[in-house]
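Bear in mind that the values in this text are calculations on the coordinates, not laboratory data. No experiment lies behind these values; they were computed from the predicted model shown. Using ideal geometry, Cβ is built from the backbone for each residue, glycine included, and neighbour counts are taken over all protein chains shown.
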Amino acid sequence: MKKEIDALLSEAMLYSLPTWTHNKDHLTKILKAHPSIKFVSLVGVDLGGNNTDEKIPISLFLEDVEEFLKVGVQTDGSSVVLHEIATLNNAKVDIIPDVDVNWFVDYNYDYIDEETGYPIGTLRIPSFLEHNNRFVDSRGVLKRTVEHFQKCVMSLLHKHPHLLEELGISSKDDIEEVSLTAATELEFWVKTPEDHADEEKLSTSQILKEQYWKRTKGSVRTALEETMLLLEKYGFEPEMGHKEVGGVTAKIAGTGKLNHVMEQLEIDWKYSTALQAADNELFIREFIEETFERHGLEVTFRAKPIEGVAGSGKHTHMGASIKLKNGKVKNLFAPLNMKADYVNSIGWGALMGLLKNYEIINPFVTATNDAFNRLKPGFEAPVCIVASVGHTSESPSRNRTVLVGLVRDIKNPLATRYELRAPNPHSNTYLYVSASYLAMLEGIEYATSQKLTSKELEVEFSKTAGEEKGYLERDRCYRSEEDVFEDYTEEERNTLFGRPPATVWENLIAFDNYPEKMKILYNGDVFDSSLVHSYKIATLSQWITELTGRIIPYDMRIVRNCKKLHEEDVVTDIDVVNWEKINALRTYLMKDSLTCKSLFTRIRDALEAKDYGLASSLQIEMANKILQLKASYIVYRRNILLEINGLYF
């Protein structure tokens, strides 16, 4: 231990503090050896996925480290998203440090410490939000999930000896612990400030595949390389940074530097335990944004920042393993013979539970209007509750059109895991990972209690719609190795895999429509009705606010910008017809009369009357009408000769 402490003390800049340093003696030595670290911040994550940040002088932290780590700080619950939990007459919330995960140092590279010459640092400590002696935050939910999953799996392994044989473990006494592992793939758009997207150019570039895996250049390359190198110093072990499918080629300005940058990137890093993986992603997302900003580039983690081109996802990999007392690790889902089976019985149970119960997972995955904009056919976006495991067990394959994919490596059983493709960069990782593992657990309990073999479970999972099986729903199909969008019509998809929700409201009402499935969230006291209710209220409020305060005003600008362009002396009959079609759409969307209200007004009225079902259906109509308006205006504009200073364009 002395060697590790000496290594930390000798570092010029400290980037992270592992769990073994989280005690008074070690922290005091380390922080006093790094005087550029001036502040401590407790990072709690509310039910909305927002993380807290405050600046506590390091001197106050060092005055009584033990007490600080035990009781944290108090705050007013009105400042975080805990609707109807931290109420006005009971608003006290404690932020309690988590000593069982890594802590990170966040440096302000714009503010250099005069004494040391290093940037001013803030020690960010992942924390829990405690109200009435219960963790009511997103991190607390995931912590309880991990503990409940571990306890239940250990119980199943003790109760069903055949599982030990299937895993290649001689005795239950050889098991030290069960671990949940996760990793995320973070996609994002980066652009030059004030630049606006040309949707036609972006769409054309995407179709031609001009950007995917291409070499980065200029400030984008510099920012990406700096990000990757700094992530290494933090111990995140970055695995890849590359261009994604979206983007256009930048131009060279008069200064010799690139401008008009608009590119889509992805950064991946090594997996970790479930809670640590969620903490890592939260820190890295903000870290990427600040690093690119230092190079004059804007970063957006919106799911669908530009209509008509690829959105940004956060594909999430989830697995589980068993650590033996001799130090060896066994993958909980991998079969003993990787060429004979896709996964073992536990793995099949996990996949079946995940898909069968996805309706009550999805509200945590897709919770914003922006997120639904991404989930559309034609952009490799998963909209159907269906999975792929590969064409044969001997030849792993990947189907990018499904919701869940089995990821496996014949030569490395430890790599066996499931990839959930629906999350976007702003999805609350803590909550949807929690819900996913709870759903997996129900399927695992079914598979193990029935003592079904891997082959028998594969047959059940591969059932056709209308076929009666023991666990999965009769009228649904859960496996497809085909292209979901090319090989099925929309009607076939909806029949086989269920009709996907199209709005935030349609997603939220799953909490009410599937009471039996909701019980899964309450197992192990992970969630409770107050947490789900609070999350639902917060998400509903955000949906309403975005609709009235952002989406409708934005669409109004689109309507106003679709102006008449043709001049009478150069007009053709097609111009007149096109414009009349456009103007009719504009009027329907935005213009009220004494006898008829516009679509925008009807949406506002429905929301005010709390008729959310009507507002939801009208929102879908509005989105379709706006797409129709934009497409029609492009066609109209192409046929226009504009006179500017005597020249026609």
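Across the cross-link table entries Lys339/Lys517; Lys339/Lys376; Lys2/Lys38; Lys270/Lys323; Lys270/Lys328, which are compared at the Cα atoms, the separations over 23 Å belong to Lys339/Lys517; Lys339/Lys376; Lys2/Lys38. Mind checking the full-extension length gain between Asp525 and Val459? Use 0.36 nm per residue of separation minus the Cα-Cα distance, one decimal, nm. 20.4 nm is the gain from fully extending Asp525 to Val459. With all projection directions averaged, the alpha carbon convex hull of the stretch 142-527 covers 19.4 nm². One decimal place: the segment Glu286-Gln450 gains 54.5 nm when fully extended, by the rule 0.36 nm per residue minus the C-alpha distance. For the chain, the Kirkwood hydrodynamic radius from C-alpha pairs, put into Stokes-Einstein at 25 °C and a viscosity of 0.890 mPa s, yields a diffusion coefficient of 90 µm² per second. For the stretch 540-648, the Kirkwood hydrodynamic radius from C-alpha pairs, put into Stokes-Einstein at 25 °C and a viscosity of 0.890 mPa s, yields a diffusion coefficient of 159 µm² per second. Restriction of the GluC sites (Glu not before Pro) in the stretch 464-544 to DSSP coil positions whose beta-carbon has at most 10 other beta-carbons within 10 angstrom yields Glu468, Glu486. For the stretch 142-527, the residue among Leu224, Phe287, Ala334 whose Cα projects farthest onto the positive side of the dipole built from Cβ charges is Ala334. For the stretch 2-136, the share of alpha carbon pairs falling in successive 10 Å distance bins from zero is 12, 41, 30, 14, 3, 0 percent.
Let me spell out the model: positive unit charges on the Cβ of Lys and Arg, negative unit charges on the Cβ of Asp and Glu, origin at the Cα centre of the stretch 324-455. What dipole size does that give, in debye rounded to 20?
My answer is approximately 440 debye.
Per-residue Cβ neighbour counts within 10 Å put Thr145, Thr222, Thr545 in the sequence Thr545, Thr222, Thr145, beginning with the fewest.
Which lysines, if any, have their Cα less than 16 Å from the Cα of Lys630, not counting same-chain residues under 8 positions apart? Straight-line reach from Lys630, under 16 Å: Lys201, Lys563, Lys564, Lys581.
Enclosing the Cα atoms of the stretch 396-451 in their convex hull gives a volume equal to 117 cubic angstrom per residue.
Close amide-amide hydrogen proximity is noted between Ala415 and Asp409, each under 5 Å apart and 5 or more residues distant or on a separate chain (H modeled in the peptide plane; Pro and chain starts excluded). A simple rule links phi to the HN-Hα coupling: the Karplus curve 6.51 cos²θ - 1.76 cosθ + 1.60 with θ = phi - 60°, which for the stretch 286-294 gives 6, 5, 4, 4, 6, 5, 5, 4, 5 Hz, with x for Gly and Pro. In straight-distance terms, cross-link reach from Lys325 covers every one of the aspartates and glutamates whose alpha-carbon lies under 12 Å from its own, apart from those fewer than eight places away in the same chain; here that gives Asp173, Asp174, Glu176, Glu177.
How long are the semi-axes of the equivalent ellipsoid of the stretch 354-484, taking √(5λ) for every eigenvalue λ of the Cα gyration tensor, in whole Å from largest down?
24, 18, 16
Taking the 0 to 90 degree range and rounding to the nearest ten, how far is the long axis of helix 573-590 tilted relative to the main principal axis of the chain, both from C-alpha atoms? Helix 573-590 sits at roughly 50 degrees to that axis. Database remark: amide H of Val43 closer than 5 angstrom to the amide H of Ile125, Ser127 (H placed geometrically; neighbours at sequence offset of 5 or more, or on other chains; Pro and chain starts carry no H).
Computed 3J(HN,Hα) for the stretch 408-417, one whole-Hz value per residue from the Karplus formula 6.51 cos²θ - 1.76 cosθ + 1.60 where θ = phi - 60°, is 8, 10, 3, 8, 9, x, 5, 7, 5, 6, glycine and proline marked x. Here the 3J(HN,Hα) profile of the stretch 551-560, calculated from phi with Karplus coefficients 6.51, -1.76 and 1.60 at θ = phi - 60°, is 5, 5, x, 5, 5, 5, 5, 4, 4, 5 Hz, Gly and Pro shown as x. Fewest-first ordering of Met228, Met318 by other beta carbons within 10 Å of each residue's beta carbon gives Met228, Met318.
For Ile37, the amide hydrogen comes within under 5 Å of the amide hydrogens of Gly121, counting only partners 5 or more places away or on other chains and with H modelled in the peptide plane.
Provide the gained length on full extension for the span Glu54 to Lys159, in nm with one decimal, where the gain is 0.36 nm per separating residue minus the Cα-Cα distance.
33.0 nm
Report, in degrees rounded to the nearest 10, the 0 to 90 angle that the Cα long axis of helix 429-449 makes with the longest principal axis of the chain. Once rounded, the angle reads 60 degrees. Of Trp20, Trp543, Trp579, the sequence from fewest to most neighbouring Cβ atoms within 10 angstrom is Trp20, Trp579, Trp543.
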